[in-house]
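The values are calculated or read from the model by the stated rules, or taken from the named source; none is laboratory data. Note that the structure is a prediction, hence the values are computed from the model and not measured. Backbone-built Cβ (ideal geometry, glycine too); neighbour counts: all protein chains shown.
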Amino acid sequence: MEVDNTWPWNILWTDEAHFHLQGSVNTQNCRIWARENPFQMQPLPLHSQKVTVWCGFTAAFIVGRFFCEEIGPLGPVTCTVNGIRYESLLRNQLIPALQKRECVDSPIFMQDGAPPHIATPVKQLLNLYFGNDRIISPHFPTAWPFATSGCGIT
């Protein structure tokens with residue numbers, strides 16, 4: 001395997017995040033440390049209004065701020081991300097954005113293993129545009145450069 005020193009600079013890092021509109025904070029992503037436990041609680045609605053945003057970036061550019069929403073009777077409504085919606089976001093927003101930048105053939109697409117990310121239609125779309133050699137994601141046979149370089153990282 002030939003070593004490509006530009007490989008890390010071509011990774012398109014991707015993920016989505018929820019932004020709650022009532023000011024609540026996702027405690028999985030935000031921790032507040034204190035010397036003493038204040039024993040205080042703040043009631044929060046079970047399903048607060050939120051906006052879900054997808055974004056990707058490489059060392060050279062940022063792509064997106066794509067909103068996960070559907071058109072309801074009163075206009076756009078935030079929706080949950082599932083395999084069908086994620087595939088639609090990639091097909092209708094990400095791929096055209098990369099085509100506009102004339103760089104569909106260079107990024108290495110990276111995503112986590114969330115269930116919508118590994119749905120069959122998503123895997124087929126990613127294979128079509130990136131091929132197995134330019135996808136870093138669980139359930140894809142990526143040849144990691146570190147595995148063959150002898151540095152012992154697994």
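One residue stands out in the range 78-102 among those that are in contact with a Cys (Cβ under 9 Å, 6 or more places away or on another chain) and surrounded by 12 or more Cβ atoms within 10 Å (Cβ to Cβ): the one that is nearest to Ile118 (Cα to Cα), namely Tyr86.
For the range 1-26, a tally of residues being at pLDDT below 70 and touching a strand residue (DSSP E or B) at 6+ places or on another chain (Cβ under 8 Å) returns 1.
Restricted to the range 27-64, and to residues there that are under 21 Å from Cys79 (Cβ atoms) and more than 19 Å from the chain's Cα centre (by Cα), the residue that is modelled with the lowest pLDDT is Leu44.
Annotation note: of Gly75, Gly113, the sole residue that is on the phi > 0 side of the Ramachandran plot, out of contact with any Cys (no Cβ under 9 Å at 6 or more places or on another chain), at pLDDT below 85 and exposed (fewer than 15 other Cβ atoms within 10 Å of the Cβ) is Gly75. Consider only pairs whose beta carbons are under 9 Å apart and that are at least six residues apart or on different chains; among these, list those whose first residue lies in the range 69-94 and is within 19 Å of Gln49 (Cα to Cα) and whose second residue is among the aromatic types (Phe, Trp, Tyr). Taking only residues 6 or more apart or on different chains, the pairs are Pro76/Phe67; Thr78/Phe67; Val81/Trp54.
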